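Here, each number is a calculation from the coordinates, and none is a lab measurement. Quick caveat, the model's predicted, so the values are computed rather than measured. Positions of Cβ are backbone-derived with ideal geometry, glycine not excepted, and every protein chain shown enters the neighbour counts.
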Amino acid sequence: MPVDRQVLIRYRVLNRCFRNAHREFDINALHDAVNRELEKHDCQPISERTLRADIQRLQEPPYNIELDESLKSGKRRLYRYSDVSFSLPMVTLDDEEKEMLKKTIGMLSQYDDIPQYQWMLTLLSQIENGNGWEGGKRFVEFQNNADLVGIGHFQALLGAIINKQPLKILYKPFGKPERSMNIHPYYLKQYNDRWFLVAHTEGFDDLSVLAIDRIDSIKILHIPFIESNVDMESYFEDSVGVTVFPSRPIEKVVLRVNVKRYPYLATKPIHWSQTELKDEATEEYKVIRLKVRINNELETMILSYGEDIEVLTPKCLRLRIAERIENLARKYKDNGCKTTQTK
């Protein structure tokens, strides 16, 4: 293992670049990355010849790194590990990598105080302190769908967000022709066991919310990244789900809830703005109020509670829910189907 401080810095930067599956590093990009890091540590820059010697040395014992020899962009040789999960054993997380990990955790958690993300913060603390864990036993299980369509794109999209990397994607909306889109990704959000990407799509003014299970392919674009001045954490706060209509007004939605069903809504509110109107409660019903922009997800949520919820206001939402119930009732009217009764 090298003991020279400058060599350690160089190897650490090369290791980070070789592991990056979301950015292409040719010899010039590697040279720039190494010398920028050396400058931060008040070290002298190195020549390209020294850099090439470092790469060659890392491919020999005791390091034996394996680079993807087939990786090219035109005639340019690109440098990346054959297996990007590999990491040099002498390399520990530097400040930049720790900060990237913190950003990743931050993007995965919209709230700092919910238990399902606290374990990540604890793990980060263990990494920073050089501690590990024993046994590998599982003490908690989280809901996860390994067969979720499009989940394979998650890592690439998250990397593009962190690295501010524009992408060209092939997108296949349900019931519409597929289309190629140039996007600038900003945020990933999970809703109803599905993942959605918030991005600027070239040619459109409003932000796009794209279901990642409808993304067919992803390609890195070498164009300037367009920043967003939208606070992503507050972008969805006035809506249920992921459909956002910024031009729609925020409505006061008043719902009458069966008193037996109310505890479920009290412990798992439809929306963070949910408030109980105690003065309007009876022995049979509770009344709650939401302040939201009306969208399809809100309607679907209300319908999911069936006869236990009634929309009181606004009138437009009440009529819309009534229309959907009538359409549903027509489908279940007697159409000649016979049920079989068991004795």
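Assorted remarks:
- Computed label-point distance, nm, for sites ASN28 and SER217 using a 7 Å Cα→Cβ extension: 2.7
- With the simple spin-label model, which puts each label point 7 Å out from Cα in the Cβ direction, the HIS41 to GLU69 separation comes to 3.1 nm.
- Since only CYS43, ILE27, VAL7 are under comparison, the one whose Cα sits farthest along the positive direction of the charge dipole of segment 1-55, derived from C-beta charges on Lys, Arg, Asp and Glu, is VAL7.
- Gained length - THR50 relative to ASP206, 0.36 nm times residue gap less alpha-carbon distance: 51.4 nm
- Evaluated at q = 0.09, 0.11, 0.18, 0.19 Å⁻¹, the base-10 log of the normalised Debye intensity for segment 154-304, with identical point scatterers placed on the Cα atoms, takes the values -0.38, -0.54, -1.05, -1.13.
- Protection proxy ranking, peptides 258-267, 28-37, average beta carbon neighbours within 10 Å, highest first: 28-37, 258-267
- Overall form of segment 169-240: oblate. Here a/c, set by the Cα gyration tensor axes a ≥ b ≥ c, is 1.5 or more, and a/b is not larger than b/c.
- The protection proxy used here, the mean number of other Cβ atoms lying within 10 Å of each residue, ranks peptides 272-282, 289-299 as follows, highest first: 289-299, 272-282.
- Charge dipole magnitude, Cβ of K and R +1, D and E -1 - segment 37-81, Cα centre, debye nearest 20: 320
- DSSP-assigned coil residues among chymotrypsin sites (Phe, Trp or Tyr not before Pro) in segment 143-240, each with at most 12 further Cβ atoms within 10 Å: PHE174, PHE204
- According to the Cα-based calculation, Rg over Rh for segment 1-87 is 0.94, with Rh computed by the Kirkwood formula.
- Rounded FRET efficiency, nearest 0.05, which uses the C-beta distance separating GLU283 from ALA21 and R0 of 45 Å: 0.15
- Using Cβ point charges alone (K and R +1, D and E -1), the dipole size of segment 242-343 about the Cα centre works out to roughly 280 debye.
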